[in-house]
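Inspection log for the structure reproduced underneath, given as structure tokens.
The values are calculated or read from the model by the stated rules, or taken from the named source; none is laboratory data. Only a predicted model underlies this, so the values are computations on that prediction, with no experimental measurement involved. Positions of Cβ are generated from backbone atoms using ideal geometry, with glycine treated the same way; all protein chains shown enter the neighbour counts. Surface accessibility is based on the protein's heavy atoms, side chains included, excluding ligands, DNA and RNA. Shrake-Rupley method; radii C 1.70, N 1.55, O 1.52, S 1.80 Å.
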Amino acid sequence: MKNYNICFLFFFFFFQIHATTQQRFTVSGHITDAKTGEDIIGATVSIKEKPGIATISNAYGFYSITLPAGKYQIVSQYVGYLTQIQPVDLVQSAKIDISLNELSRELKEVTVTSQRKNENITTTNMGLQRLKVKDINNIPVIFGEKDVLKTIQLLPGIKSAGEGGSGFNVRGGASDQNLILLDEATVYNASHLMGFFSVFNSDAIKDLSVYKGNEPAEYGGRLSSVLDIKMKDGNAKEFGVSGGIGLISSRINVEGPIVKDKGSFIISARRTYADMFLKLSNDSSMHGTKLFFYDINAKANYKINDRNRIYLSGYFGKDVLGYKDIFGIDWGNSTGTIRLNHLFSDRMFSNTSLIFSNYDYRINIDMIEGNKMNIISRIQDNGIKQDFQYFMNEKSTLKFGLNSVYHRIIPGVVTTGESISLKSLSNKNAWENAFYISKEDRMLNNLNLEYGLRLNSFSLLGLGNFYSYDANGNKTDTVSVGTRQFVKTYLNIEPRVSMNYLLDANSSMKFSYARNTQNLHLLSNSTSGSPTDLWIPSSNNVKPEIADQVSLGCYRNFKDDLYEFSAEVYYKNLQNQIDYKDGAELNFNENVESQILFGKGRAYGLELFLKKKYGRFNGWVSYTLSRSELKFDAINNGNYYPAKQDRTHDISIVGIYELNKRWTLSATWVYYTGNAVTFPCGKYEIDGQTMFYYTDRNANRMPAYHRLDLGATWTISDHSSWSFSLYNAYGHDNAYMIDFRDKESDPTRTEAVQTTLFKYIPSVSYNFKF
Amino acid sequence: MTLMNIINIIRISPILLLGLLCSCEKVISLDLNTSSSQIVIQGNVYDQAGPYTVKISKSVGFDEPSSYPAVTDAKVTISDNTGYAEVLSEDSSGIYVTSQLKGIPGRTYTLKVETGGQTYTASSYMPNAVEIDSIYNVKSDFGKLKQFHLLFKDPADTANYYRLIDFINEKAQNSMMIASDMGYDGKTISGTLLFSEDDLKSGDTLTLWLESVDKGVYDYIRTAANHDGQTASPANPVSNISNGALGYFNACSVRKKSIVMP
């Protein structure tokens, strides 16, 4: 009996048993923006005559629904666009491309009731937040730059790592546990200038999806989140130039058709000039300082024919910091993808991607005559990804595919002048493969189930020497391995399940479970992360990190879908987490793996979210109550202790008010409990200097952080506008760092000193569009 | 400049530079826990004539005045690997001095402190001395600061560790500077020192001590010098003294050189 049941389940997974009394035909096509031709991702396509049947357009705007022969009305909807109803008489499979019209300001008020807006109720993906770049247009941000990374930190469960911090933490996870993809290429360091700006120019971005740990099987590689960012394709109908000039940075965006309605391109660039202000400083020693970044996003696409479409995307960015010729450091990402969409049939969509990603930093030093030194460090990925999406019928979609990436890490190559002879660190090579299969089923009329499996294999390869260490960090063994020979392979199975149960038209409950594994680990021992932090692969010493997360949520829309409310609880169990020995030497250390400690962790929390979606006044409130803890034998006597990123309370309130046709005002208020830190609990003297005594790690807290940002946009015409913003409007002294030292006025006592970075920072920028 | 120092500068500079744009500091009061009083031992043996001192004190709470109670009546012994041992006598409260002991490079010295029913031991190897080749003043690239370069030649084929202490008019300034010979084995190591105009005036004497130390002492100073709040988890320096004592025991060879400011 048992065997019979297993076989049955196996077949159920792959085949759908359905009645074939009628001929079935497929309606498929692309959903695009009527004005620009951009593919619309995540548009809902439903059949008026068959409630409960709906699909959403995929990452390339493609949709497919298979129905019995008959007359239907195809309803296409997307937030911010006019609903389109297309009648079809299905006597054979039909290709119906739909273009949706963006709602103009006036129409927005009138047609709002006819929209089907219950997207948050019906989509299975729990913990999925989809952000359209339009949503963030009015949110005030430091230095006036629209920033998608800063905006997602206003959502529940996603927290900033702190001012000056270059990462973010999702559901208590460390900042290297976020998979950040730009048109499918991994971005290793998503921040410019220590986190003040992200590497994403919102002029170039179309869509952003954030999964908080329970992503579908087609994603994998990091424990805590997936940030899937899609670049705009470029206006396929007409040329346009837009941009902005601001106090700290400027940007320009050029897009247009390559061949009208068949191909388009877009190029966006920006640069800051923060160092211009340093040149004006009274202190002449500041004059030689260089501090700026620039980045370029470029994309082109072409519809070869009805079944084939090719895309080329690229990103290049660099941060430069230096002082005259004495020292300089620069760092940046570059990514490139070539993608080919192919329609095998109107139900079988395929995408093949060739992916390149590179992150590196360079240090140049020329301080003393003859003592020149250059260091280069990089992580480079070359990979191929093949995805299939099979729209089986109106109730099921099957996705499967594989992803193969070759990672190459150069921890540090040194070239020096004659007076130094430094050996470069040995390179690390790894080959990572994943195969996934995932099915989405609509069962009954109100239960949506998405379940899948991801198989991940990670192999560390030679050439090189691989060491084993004892508990004191001494080498116990050395193994020499040849080029591309296998040193260590890890295989992991990651199940993913997500269930959405519709209670009624306005509310639903969702449950999900996911396992994630991570084979690249960022070693970072500083409070705010540094561009020189090192990525290391899993190895004979370092096991893959594993996370198991369950979450349960309930969602409800009120007042005819004017308000959206959600409450989610999650619990995450983490294995093979990394922390560092006291006094760990992470810099330029061939034996860096001997400095690491391994342990486990857990994170749990409650996320509440209330959003007013429409109206002159709209915005949202998000609140997260959570805990994130670690347990290491060698730390705090093996007891659970709070992770650095543990934050009990985290509140964000965003309000946007359209004063009139010309002015939009906005405000953001954030409050969060301070990070867990280690403060001294005593002092003593060594060599006449005061030293501080520490006991438990992370037993203290930074003071609570809160600030208010204000913003205003003055729209002069369709072609120009001014944006104003004030960051930290009431100037709360938020602690960036707390130091301990002898009292300046009385050296027989000691004091704590807090450094605040930003208060009352205004910004003005002029935006144009042609 | 050694690699360690370079990397530390580079890690800190972006924050410093950005912070200079907008930051401000303020003294705050925090509610800190107070641990029980810890024993602090600091001892040195040099290759120069003695006597050498071992200072033993206790830690106090953060909010208390910074006067650290001396530990008196401890039994302090220094011995070397040839079997020679000497019990130190308490010269003044908490300060124990040697009488006969003369440090000899190549020997390993052991410190033993018995007090309050506990025993604390430490061991340190005294490397051979390394001479300072020169100290000279250069025009600073950093505006109005005074810049000095220091050169010394590292012995080849051994792993060498150094600690530098600078004195202005006999008063110790910074005793937490370290260097290792990574990348410079057998070559000339250079260091850069910067002083502001107020700290070092015309006629002042700048003295540099170059101590050749062992890895245990090097690791202590390296981890002690990170007390600037930049590490994610500050911790006590890695001490070469057992049983949870704070501080270090340093058997080193030292060479000194002075230069008078013009």
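Name the strands (runs of 3 or more DSSP E) wholly within the range B:182-262 that hold at least 2 residues that are modelled with pLDDT of 90 or more and surrounded by fewer than 18 Cβ atoms within 10 Å (Cβ to Cβ)?
B:246-260
For the range A:676-711, enumerate the residues that are under 27 Å from the mean Cα position of the chain (by Cα) and among the aliphatic types (A, V, I, L, M).
A:676, A:677, A:702, A:704, A:708, A:710 - these are the residues of the range A:676-711 that are under 27 Å from the mean Cα position of the chain (by Cα) and among the aliphatic types (A, V, I, L, M).
If a residue has to be surrounded by fewer than 23 Cβ atoms within 10 Å (Cβ to Cβ), farther than 17 Å from residue A:707 by Cβ and modelled with pLDDT under 85 to count, how many in the range A:149-184 make the cut?
Number satisfying all stated conditions: 0.
Return the pair list, or none, for Cβ contacts closer than 7 Å from residues in the range B:132-149 that are facing chain A (nearest Cβ under 7 Å) to residues that are modelled with pLDDT of 80 or more and assigned to a strand (DSSP E or B), at least 6 apart or on different chains.
Hits for this filter: B:142/B:194; B:149/B:136; B:149/B:138; B:149/B:190; B:149/B:192.
Can you tell me how many residues in the range A:67-80 are at pLDDT 90 or above and open to solvent by less than 10 Å² (accessible area, probe 1.4 Å)?
Here the count works out to 2.
Has the range A:743-756 got any residue that is at the interface with another protein chain (Cβ under 7 Å from one of its Cβ atoms), small (Gly, Ala, Ser) and open to solvent by less than 30 Å² (accessible area, probe 1.4 Å)?
Checked the range A:743-756: at least one residue is at the interface with another protein chain (Cβ under 7 Å from one of its Cβ atoms), small (Gly, Ala, Ser) and open to solvent by less than 30 Å² (accessible area, probe 1.4 Å).
Take residue A:524 and decide whether it is open to solvent by less than 20 Å² (accessible area, probe 1.4 Å) and among the polar types (S, T, N, Q). It would help to see each step written out before you state the result.
Numbers: open to solvent by less than 20 Å² (accessible area, probe 1.4 Å): no; among the polar types (S, T, N, Q): yes.
So residue A:524 does not fit the description; no.
Restricting the search to the range A:594-625, which residues are open to solvent by 20 Å² or more (accessible area, probe 1.4 Å) and in contact with a Pro (Cβ under 7 Å, 6 or more places away or on another chain)?
A:608, A:623
Out of the range A:667-693, which residues are assigned to a loop (DSSP other than H, G, I, E, B), open to solvent by less than 20 Å² (accessible area, probe 1.4 Å) and at the interface with chain B (Cβ under 7 Å from one of its Cβ atoms)? Outline the logic, then answer.
So the first thing to find is which residues in the range A:667-693 are assigned to a loop (DSSP other than H, G, I, E, B), and the list is A:673-675, A:678-682, A:687-688, A:693.
If we keep only those that are open to solvent by less than 20 Å² (accessible area, probe 1.4 Å) as well, we get A:674, A:678-682.
If the condition is that a residue be assigned to a loop (DSSP other than H, G, I, E, B), open to solvent by less than 20 Å² (accessible area, probe 1.4 Å) and at the interface with chain B (Cβ under 7 Å from one of its Cβ atoms), then A:678, A:679, A:680, A:681, A:682 are the ones that fit.
Which of the residues belonging to the range A:533-542 are open to solvent by less than 20 Å² (accessible area, probe 1.4 Å) and in a loop (DSSP other than H, G, I, E, B)?
The answer is A:533, A:538, A:539, A:542.
Among (1) away from every other protein chain (no Cβ under 13 Å); (2) under 21 Å from residue B:52 (Cα atoms); (3) surrounded by 22 or more Cβ atoms within 10 Å (Cβ to Cβ), there is one condition residue B:160 misses while meeting the rest; what is its number?
Among (1) away from every other protein chain (no Cβ under 13 Å); (2) under 21 Å from residue B:52 (Cα atoms); (3) surrounded by 22 or more Cβ atoms within 10 Å (Cβ to Cβ), residue B:160 violates only (2).
Which pairs have Cβ atoms under 7 Å, sit 6 or more apart or on different chains, and link a residue in the range A:297-319 that is assigned by TED's automatic domain parsing to the domain that holds residue A:201 to one that is of a type in the set (Gly, Ala, Ser)?
Hits for this filter: zero, empty list.
Quick check: is even one residue across the range B:41-48 more than 20 Å from residue A:684 (Cα to Cα) and within 11 Å of chain A (Cβ to nearest Cβ)? Talk me through it step by step, then tell me what you get.
Initial filter on the range B:41-48 (more than 20 Å from residue A:684 (Cα to Cα)): B:45-48.
So of that shortlist, the ones also within 11 Å of chain A (Cβ to nearest Cβ) come out as none.
No, the conditions are met nowhere in the range B:41-48.
Name, by its number, the condition in (1) out of contact with any Cys (no Cβ under 9 Å at 6 or more places or on another chain); (2) among the polar types (S, T, N, Q); (3) in contact (Cβ under 8 Å) with a residue 60 or more places away in the chain that does not hold for residue A:508.
Only one criterion in (1) out of contact with any Cys (no Cβ under 9 Å at 6 or more places or on another chain); (2) among the polar types (S, T, N, Q); (3) in contact (Cβ under 8 Å) with a residue 60 or more places away in the chain is unmet by residue A:508, namely (1).
Can you give me the number of residues within the range B:116-173 that are small (Gly, Ala, Ser) and under 27 Å from residue B:41 (Cα atoms)? Spell out how you get there, then give the answer.
Let us first name the residues in the range B:116-173 that are small (Gly, Ala, Ser), namely B:116-117, B:122-124, B:129, B:134, B:140, B:143, B:156, B:159, B:172.
Narrowing further to those that are under 27 Å from residue B:41 (Cα atoms): B:116-117, B:122-124, B:129, B:159, B:172.
Adding up the residues that qualify gives 8.
Name the strands (runs of 3 or more DSSP E) wholly inside the range A:409-480 in which the number of residues that are within 35 Å of the chain's Cα centre (by Cα), within 24 Å of residue A:386 (Cα to Cα) and modelled with pLDDT of 85 or more is 3 or more.
A:428-443, A:447-461
Give just the number: which of (1) among the polar types (S, T, N, Q); (2) within 26 Å of residue A:203 (Cα to Cα); (3) open to solvent by 30 Å² or more (accessible area, probe 1.4 Å) does residue A:351 not satisfy?
(3)
Checking the condition closer than 24 Å to residue A:531 by Cα, in a strand (DSSP E or B) and modelled with pLDDT of 95 or more, which residue from A:382, A:364 passes? Even if it seems obvious, please write down each step before you answer.
Values: A:364 fails: modelled with pLDDT of 95 or more.
Sole residue among the options that is closer than 24 Å to residue A:531 by Cα, in a strand (DSSP E or B) and modelled with pLDDT of 95 or more: A:382.
Checking the conditions here, which among A:465, A:445 is polar (S, T, N, Q) and more than 30 Å from residue A:592 (Cα to Cα)? Don't jump to the end; show me each part of the working.
Working: A:465 fails: more than 30 Å from residue A:592 (Cα to Cα).
Within the list A:465, A:445, the selection yields A:445.
Has the range B:70-92 got any residue that is within 19 Å of the chain's Cα centre (by Cα) and over 30 Å from residue A:744 (Cα atoms)?
As a first pass, look at the range B:70-92 and keep what is within 19 Å of the chain's Cα centre (by Cα): none.
No.
Any idea which of (1) closer than 30 Å to residue B:173 by Cβ; (2) touching a residue at least 24 places away in the same chain (Cβ under 8 Å); (3) out of contact with any Leu (no Cβ under 8 Å at 6 or more places or on another chain) is the one residue A:688 doesn't satisfy?
(2)
Just the residues that are over 23 Å from residue A:341 (Cβ atoms) and not β-branched (Val, Ile, Thr), please, taken from the range A:63-76.
Keep residues of the range A:63-76 that are over 23 Å from residue A:341 (Cβ atoms), which gives A:67-73, A:75.
A:67, A:68, A:69, A:70, A:71, A:72, A:73 - these are the residues of the range A:63-76 that are over 23 Å from residue A:341 (Cβ atoms) and not β-branched (Val, Ile, Thr).
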